Every structure is written in structure tokens, then in C-alpha cells.
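Just below is one structure, and these are the notes that go with it.
Values quoted throughout were computed directly from the atomic coordinates according to the rules given, and no laboratory measurement underlies them. Everything numeric here is computed off the predicted structure, so don't read it as measured data. Glycine also receives a Cβ, built like all others from the backbone with ideal geometry; neighbour counts cover every protein chain displayed.
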Amino acid sequence: MNYVFYLTATIAVVSTTMVIFHRNAVHALLYLVTSLLSVAVIFYQFGAPLAAALEVIIYAGAIMVLIIFVIMMLNQGDSTVTQEQAWLQPTTWIGPALLSALLLIQLILLVSSGQISSTQTFHYIGPKQVGIALFSHYVLAVELASMLLLAGLVGAFHLARRRKIDTGDSGNAI
Amino acid sequence: MPFETAPGLEAGVLLASILFCLGLAGLMMRRNVIFMLMSVEVCTNAAALMFVVAGAHWGNADGQVMFIFVVTLAAAEVAIALALVLQFYHRKHTVDIDQLSELRG
Amino acid sequence: MQGLLAWVPLLPLIGFLVLVAIPLFYRREPPEKIVTFIGVGSVGIAALITAIVAATVFWGNPAEVVYIRLWQWMLVDNLQLGFNFHIDWLTLVMLMIITGVGFLIHLYSAGYMREDSDFRRYFAYLNLFVCAMLILVMADNLVLLYLGWEGVGLCSYLLIGFWYKNPANGAAAQKAFIVTRIGDTAMAIGLFLLFFEFSTLNIPQLVSAAESSAVDPQVITIATLLLLGGAVGKSAQLPLQTWLPDAMAGPTPVSALIHAATMVTAGVYLIARMHPLYLLSETAMTAVAIVGALTLLLSGFSAIAQSDIKRVLAYSTISQIGYMFLALGVGAWSGAIFHLMTHAFFKALLFLSAGSVILSLHHEQNIFAMGGLFRKIPFTFICFTIGCACLAALPFTSGFYSKDHILLSAWEFHQGFNSFWLAGIVGALVTGIYSFRVLFMVFAGSEGSASLQCKDANTAVMTVPLTILAVLALFGGLLAPPLQAVFGVTPSEHHAAWVEGIAIAMPLIGLTIAWQLFKKEKKSGEQRSSIMQYWFSGWGFDWLYEHLLAKPFKALARLNHNDIIDSLYKGTAAFSQQLNSILSSSQNGQVRWYLVTFAAGSILFLALLVAL
């Protein structure tokens, strides 16, 4: 059964790598969606169907659509690809890549040095259990999350509004 | 109820680590704000994966609850960040994050 | 009646405050008459009160002690100090000298300082001085005494540098202040030591504690020697005598009051006041006597070689205080105080008449430019002659009685012939030489260059004090104060007639030598043989201190020109500034740079975790 996991994991890693190295924003976004979908599959394998569903609906669906809207609104054209090429020289990315690699090695070292539990048993946790936990023990956090979303809404509306000094061609914000 | 098909805990944690480091690398190497935002999404997603894996390991619903909160957070963050990107683009007519600095350090 | 004594130091203080505060109320400088009224009047009333109290309370009661408790000064743990006055006959004698002679000198000053632009400042300082000096002698504890001690030091500094526009006067003032400071520091350490040993600084308690309890005599010796250090500094004794000749830069009445009659005798008063402690330590007594003997000889010889009339008197003051120290060292406490009193009379008289001479000659002080003045200013001549006769201790003058007392005490203390007595006898001879030399040089012989412009500058306010002082100097020997209750009675021994005979003969021999010297010097003019030159420079002490202390200190100061300690702080400042510039360059607003540092930080942190 682990073939599926490793396959999806490989897809996730490869598509994420493509996200960070691709020059075309829309293509990169599509790779990101692929990555998110493969993570959703992994969620499912770990016995979390609700999380998998939410990953597909909210992450790969709503949030990515939001980003694509913005890319469309910016409407930078084909020049962006050449610009990205200029920005993404090996001299630019080799340093951050090395840093990240170092960090990864350290994380792997830490994970492998930990006490590994002998019983590798996983538990299926259905939407019902999550719902019960969410609306009993975490009800206050849910309220806080709603407040956060409201604040995000107001903030986004306020920030994206065109000022009068900006005499742009389109009058509409988001 | 044990779930037999799952891969090992280490595998999940490892995947989450790899994804997080990739996201971090992207964040550091890209100058385009849109790409940086995508990298941030990768990072948060990796963190969310970590939560779910851990929750599954301990047989606890808390992991998925946290995942829901992470998604909520990501949604709010993306909304705000995209609004900022729009404003930034309107003012500077570029998406280069380096142009944003007005300090002379 | 006794309570009136508290007003004695208070009145000069009020005078000082009023004189200082006048510009707050009047824009213009007040007329000299008002300043004189306040400045002289305050001391005059204080003198009157002292005289009344002395006549009614103390007269006929040698054991009388008045204690005045004013207020608590400080209270720290077991250190309890009050602003309290303790007045016995010793204090009373000092009070009468300070207020009486002080009043006369104040009166004289009103004439001497006329038409000086800083008339008011002069009297303010003078009043403050009298107040501080009175506190010094009336204090019942050593800390209050120290307050007065430092107060008179301050006033001495202010008055030596009174004509501050001449830098030399300022230098002389600083010299006086710094040199006495050495002694004052020793005295302060002595006070600490006494308090450490006896947990009290109240003088009567201290004395009884020292006498009753079995204290290490070593400690007493050290403490008394430290107090002697303070006395030596204040009284210009060896080795701290160098400041007094230079202190003559101040106005002449100041020299009379501070540097002859009162302040410089504070050291004598201190030792006399603490005499029970000195009696416990033979080393300290001997040290006092040696200091006195050496000083009286060295400065006596220096006085012979001087050409400035005031410097002659300054050296003679040092020499006479040396006599007092010698008296203290041989246990003749009352003799020392008696000589202090007569010295205050005749030395004030000498200084004031020297002031008249100087004023008459339009501020000429060189005795080689004088001569033949006895015809031009006869009154001053008479006063000066009386003063010189007393100073040289010609028979039946006041100086004779007190000096005779000291010499006989020195003879008795060591049962016969001894070096201290010999020093006193030689000193008497030298005193005769220099006092009559200056008398002849100024008043006798042919007229000098400055004598031609002589114009008698004496006014009524100057002649009256001079007359009174002349009378006191002549007959003060009959006023031996009854101090036996304070110091205890010393049995008078019979001594051979020749001992007294020598004491009488010495000044007369000195007179004849002085006449020979005068004739020789009048012929040769102001030229000195090498030994005279050496004496003229005060035995080279100034040169010695200049090369031993001042020069190395200045060299060290130059070495430390950039302040080594300070560079530490400058380095700290420069380091933090450097750090700031480094750190602020990291604050560049580049988000990706922040991210890199953030990642690097996490790596470091995780590396720690991995390593551990």
C-alpha cells in the first residue's frame, strides 16, 4: 500500500520544486495546485478524509483562484517571463538553496535521532470526531478564527481600495 | 480504530520537512511577490501536513482541528497579502520586493 | 548672661550674611560708612559681649565652664554630634583675642582699605573669618572644630587672593590652601582614628575616655601625631611652613588678623585643647617640641635675610609659633597660651604699623628702599618700636614674660640644660637680631628711595587701634590668664639666676648685632652673601618641594594628558557606535535579507539542538 504514498509524495516534491523554479506565474500556480492535490491524497492515506476534502476545496480551490485572479489583474504580459529569467540566476538561488538544504539535513537528523515508537499504528479519524472536537473543546478558537476572517475581509477591502491619488484606468478593486 | 494502509510516521514528517524547506528556499530566492506568496502557501501547507500526520499518529482529532485553523489562517493571510500586492503594484508599478525598501541601512 | 555667648559667633555671621545679601536689595554699592558700621559693628558687639561675660561670669572663677547646647547637628548610629559650645578659660582667652584684637583690626581695616573698590567684599570675608574662628575655639566636639578649621582655611584663601587681578596673589592663595590641605587631611584621618578607638568625638568625653580606659599607647601616639600634622599645616610649622611667607600677598590687616594673631595659632589651640592625649604619649610630646624648636630656629634665620617688611614679619610669626609649639612640647600649656596672647597683641601691632608704613610709602614694601622714617611718621615709629621690643622680649614688655615662661619651662621640663632650652635661647638671640634689624632699616639711618615720597597715611580709625594695641603689647604681660584649672598646676622650681640672666641678655646682644648688621647692609645695599641668600629663600624648602613634589606631579599629569582612564570610556562609546553602524547596515529593508538571516538563525539554533 505504501507505493501510493511514495508516488504521491514524489509528485508533491517534484511539483513543489517546479513551483519555486518556474518562470511563468500561471504555470507555477498550476504546479502548486498539483502539489496541494497530492498532499490531499496523502491526507487521505493518513486516515484524514475531512482534511483531504478541505485541502482540495479550500486550498486548491478557493485560495488558488484568489491568486490567479490577482495574477490576471496585474496583467503583466509576456515580459514577466524574461524578467523572471533575469531575476533567477544561479548566483541568486544557490545561496538560499544551500541554506534550505542545510536546514533540511538538520531536520532529518533531528527526526531520525528521536525515539521511534515501535507500534506504527495510525487511526482513522472521521469528520464526525473532528466536528465534535471543533465545536466542543475548540469552540472558542472557532470564534477567534471567525474574527480573524472578518478582520481579513475588512483589511483586504481597505487595503485594496484605490486611493484618489491613484488615477488608474479601472475603477474597481477586488 | 487502527488504519492499516498508512505509511510510517517518519515518512510523513520527512515529506513535511522537505516541502517546508522547498517553500523556504522559494521564499528566499524569488523576487516576484506573487511567487513569494506561493512559497508561503507551500510552507503553511507543510505545517498543516505535519499537524495531520501527528494527529493520525496519536489517534487524535486535534490534528485535523489544527489543520482547519491553519487553512483559515492561510485564507485570511492570502486575502490580505494579495490586497497588499495590488496596492504595491499600483504605487510602484513593479512586483519586485526589493523595490519596497525605503530604508538606507 | 552665659547664653549671650552663643551670640558671639552668630553676630559676625549675621554681618557676613547682610554684607553678602546687600546687592539683592540695592542695585548700587552701599557707601563705605554703612559697610563699616555693619562689618566692624558686628565684631565690636561680639567683643563687648565677650568682655561682659568674662567680667561677670568668669572673673575670679578659674574653674568656670559654660556649656551651651544649640541643636543636634548629626546623628548617625553611635556618632552623635551637637552644635554645642564648651567655654572654659582656655576658650575664653581665645575668644577675647579673636573678638578683641579682631575688632581692633577691623577698625583699622576701615581706614586701611578706604577707597578700595571691593570694600564690602573685604568686610564680608573678614566677618566670615571671625565667625569660623569663633566656632573653631568654642566647639565642644572635634567635628564642629573641624568645621571652623576649614572655614578659617577658606577665608584665608579668599583673603590672600583678595586682589585677585594679580595672578601672583591667586597663586599664593592656592599655595596656602593646598599646603594646609595636607595637614587637614592628616587631621581628618586622626579624627577617624579617634572615633574608631573611642566611638566619640566630643572633646571632654574623649579626654576622659583616653585617660580612664586602657588604650593601646601606640594608637594614642599615632592619633596625636596626626592631629599634630593638622596643627603643623595650619600653624605653618616645619615642614608645611612654606605657605605663610607667600600669604603676605593679602591686605596687611588680613596678615595681622589671620596670619599672625588668630588663624595660625589654631594649631597651638588644638594641641592645648587635646593636651591630656598628648600627655599620654611621650613620642608625640617630643615631636611637638622638635617641630617647634626646628621651626623657630630655621624661620628666625630666614627672617634675618628678608628684604620685604611683611615677609620679615611672616617669618617671625612662624618663629614665634615655633616657640609656642616648643612650649607645648615641654608641657608648658599655659605658657604657650600666654605667649599666644601676647604674640597676638604685639604681632598685630607690628603688622598694623607695618601697614601704616606701607600705606604711607604708597605700597612700597622693600626695607632697602626705606630708612629714616622716624622723623616723618613718628607715631608709627613709636608703635613699631614697641612691637619690636615685645617681639625681641626686652625686659618688662609682654613678650618678655611669656617667652621667659617658655624658656624656664623648657629648662625645668628636662631638669637643666638641654637642647630645647638651647634652641629657645638661640632663637631669642636671632629674634633680637631680625626684629631690630627691620626696625633700624625702616626708621633709622639715611632716607631711602621710597622714603622721599612718604606721606603720613594714618587716620583716626587707624591710630586708635594702634594705640590700644601698643598699650596691650606693653602691659599684656601682667594679664597672665588663670589657666591652672584647665591645664593643672605645675609646681614652680627654683632655678639658678644665670638661667634668667641669659634669657634677659640674649635680646640685648641681638640688638647690638642688629646695629652692626644694619650699618653693614646700609653700606652694601641689597646684596647677600651665599648663606644669606640661602636663608632668604627660606632654607630652600620651596625649591625642594617644587622639585620633589610639584615637578614630578606635573610630569605625571602631562604623561596622562589624554586621560588613560577616560580612553576606556571613549573606547566603549566608539565600540558601541561601530556596533551600531554594523547593525544598522543589517536593517536595510530587504525582506529577503531578513529571511536569510532568519533561516541562518534557525539553522544555528537547530545545530545547537543537534549537537546537544
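Return the calculated 222 nm mean residue ellipticity for chain C, to the nearest 500 deg cm²/dmol, obtained by summing -39500 (n - 2.57) across DSSP H runs with n ≥ 4 and dividing by the residue count.
Values: 27 runs with 422 residues, N = 612.
Helices in chain C give a 222 nm mean residue ellipticity of -23000 deg cm²/dmol.
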Residues of region C:146-165 with amide N under 19 Å of the 7 Å Cα→Cβ point at C:Ala550: C:157-158, C:160-162, C:164-165
Shielding by other protein chains, A:127-140, mean Cβ within 10 Å: 3
Which pairs in the list C:Lys33/C:Lys455; C:Lys347/C:Lys520; C:Lys403/C:Lys455; C:Lys455/C:Lys519; C:Lys33/C:Lys234; C:Lys347/C:Lys376 are over 29 Å apart, alpha-carbon to alpha-carbon? C:Lys403/C:Lys455; C:Lys33/C:Lys234
Charges on Cβ only, +1 for Lys and Arg, -1 for Asp and Glu, centred on the Cα centroid of chain A; of A:Ala86, A:Thr34, A:Leu153, which one is farthest towards the dipole's positive end? A:Leu153
Ignore the peptide's own chain and count Cβ atoms of other chains within 10 Å of each Cβ in A:77-88; give me the average, rounded. 2
Which lysines, on any chain, are close to B:Lys92 with Cα under 18 Å apart, when same-chain ones fewer than 8 places away are left out? A:Lys164
C:Ser199/A:Leu149 FRET efficiency (R0 60 Å; Cβ-Cβ; nearest 0.05): 0.15
For chain A, the longest principal axis of the Cα atoms and the Cα long axis of helix A:2-21 enclose an angle in degrees, to the nearest 10, of 20 degrees
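Quick check on packing: order C:278-287, C:559-568 by the mean number of other C-beta atoms within 10 Å, highest mean leading.
Numbers: C:278-287: 18.5, C:559-568: 9.2.
Output ranking for C:278-287, C:559-568: C:278-287, C:559-568.
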Fraction of beta bridges assigned by DSSP in the protein assembly as shown that are antiparallel (%, nearest 5): 100 percent
Can you give the Kirkwood hydrodynamic radius of region C:568-611 from its Cα pairs, in Å with one decimal? 12.5 Å
Residue-span extension gain [C:Asn588 to C:Leu75] - 0.36 nm each, minus C-alpha spacing: 178.6 nm
Would you please classify the overall shape of region A:47-142 from the alpha carbon gyration tensor, given that a ≥ b ≥ c denote the square roots of the eigenvalues, rounded means a/c under 1.5, and beyond that prolate means a/b larger than b/c while oblate covers the rest? oblate
Whole-percent pair-distance distribution, where bins are 5 Å wide, for the alpha carbons of region C:13-85: 3, 12, 13, 13, 13, 13, 13, 11, 5, 2, 0
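State the percent of C-alpha pairs, over all pairs in chain C, separated by a distance greater than 34 angstrom.
Numbers: 84302 of 186966 pairs.
Above the 34 Å cut-off, chain C has 45 percent of its Cα pairs.
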Checked chain A with the C-alpha gyration tensor, a ≥ b ≥ c its square-rooted eigenvalues, rounded below a/c of 1.5, otherwise prolate if a/b is larger than b/c and oblate if not; verdict oblate
Work out the length of the dipole vector of region C:502-612 about its Cα centre, built from +1 on the beta-carbon of each Lys and Arg and -1 on the beta-carbon of each Asp and Glu, and round it to the nearest 20 debye. 440 debye
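Taking the beta-carbon count within 10 Å as an exposure proxy, list C:Arg114, C:Arg311 from fewest neighbours to most. List each step's numbers first, then the result.
Working: C:Arg114 15, C:Arg311 21.
Placing the least packed residue first, the sequence is C:Arg114, C:Arg311.
First select every other residue whose beta carbon is under 14 angstrom from the beta carbon of A:Ala151; then total the charges, Lys and Arg +1, Asp and Glu -1. Numbers along the way, then the final one.
Details: positive: none; negative: A:Glu143, B:Glu77.
Net local charge, A:Ala151 excluded: -2.
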What FRET efficiency comes out for the pair C:Ala209/C:Ala171, r = Cβ-Cβ distance, R0 = 56 Å, nearest 0.05? 0.80
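How would you rank B:22-32, C:339-349, C:447-457, highest first, on the average number of other Cβ atoms within 10 Å across their residues? Could you put the intermediate results ahead of the total?
On the way: B:22-32: 24.8, C:339-349: 28.8, C:447-457: 16.2.
Going from most to least packed, we get C:339-349, B:22-32, C:447-457.
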Taking θ as phi - 60°, what are the ³J(HN,Hα) couplings along region C:318-323 by the Karplus curve (6.51, -1.76, 1.60), each to the nearest whole Hz, with x for Gly and Pro? 4, 5, 5, 5, x, 4
If we count other beta carbons within 10 Å of each Cβ, what is the order of C:Thr224, A:Thr16, C:Thr385, fewest first? C:Thr385, C:Thr224, A:Thr16
From the C-alpha gyration tensor of the protein assembly as shown, square roots of 5λ in Å: 104, 32, 26
Whole-Hz Karplus ³J(HN,Hα) for region C:506-513, in order, using 6.51 cos²θ - 1.76 cosθ + 1.60 and θ = phi - 60°, x for Gly and Pro? 3, x, 5, 4, x, 4, 5, 4
Starting from the Cα-Cα distance between C:Lys570 and C:Val219, subtract it from 0.36 nm times their residue separation and give me the gain in nm to one decimal. 121.8 nm
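Between C:Gln484 and C:Thr286, take the C-beta separation as r, use R0 = 22 Å, and let me know the FRET efficiency to the nearest 0.05.
0.35
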C-alpha center-to-center spacing [region C:545-583, region C:390-441] in angstrom: 55 Å
Please report, in debye to the nearest 20, how large the charge dipole of the protein assembly as shown is about its Cα centre when each Lys and Arg carries +1 at its beta carbon and each Asp and Glu carries -1 there. 2300 debye
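Partner chain Cβ atoms within 10 Å, averaged over the residues of C:321-328 - can you pull that number for me? Let's see the in-between values first.
Working: counts 0, 0, 0, 0, 0, 0, 0, 0.
What the average comes to for C:321-328 is 0.
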Using θ = phi - 60° and the Karplus form 6.51 cos²θ - 1.76 cosθ + 1.60, what ³J(HN,Hα) does each residue of region C:128-138 get, whole Hz, x for Gly and Pro? 4, 4, 4, 4, 4, 5, 5, 4, 4, 7, 8
Inter-probe distance in nm under a simple model that places probes 7 Å from Cα toward Cβ, at C:Thr185 and A:Asn2: 8.6 nm
Please list C:29-40, A:50-61 highest first by mean number of surrounding beta-carbon atoms within 10 Å per residue. A:50-61, C:29-40
If I model a spin label at A:Phe157 and A:Ser136 as a point 7 Å from the Cα along the Cα→Cβ vector, what separation in nanometres do I get? 3.7 nm
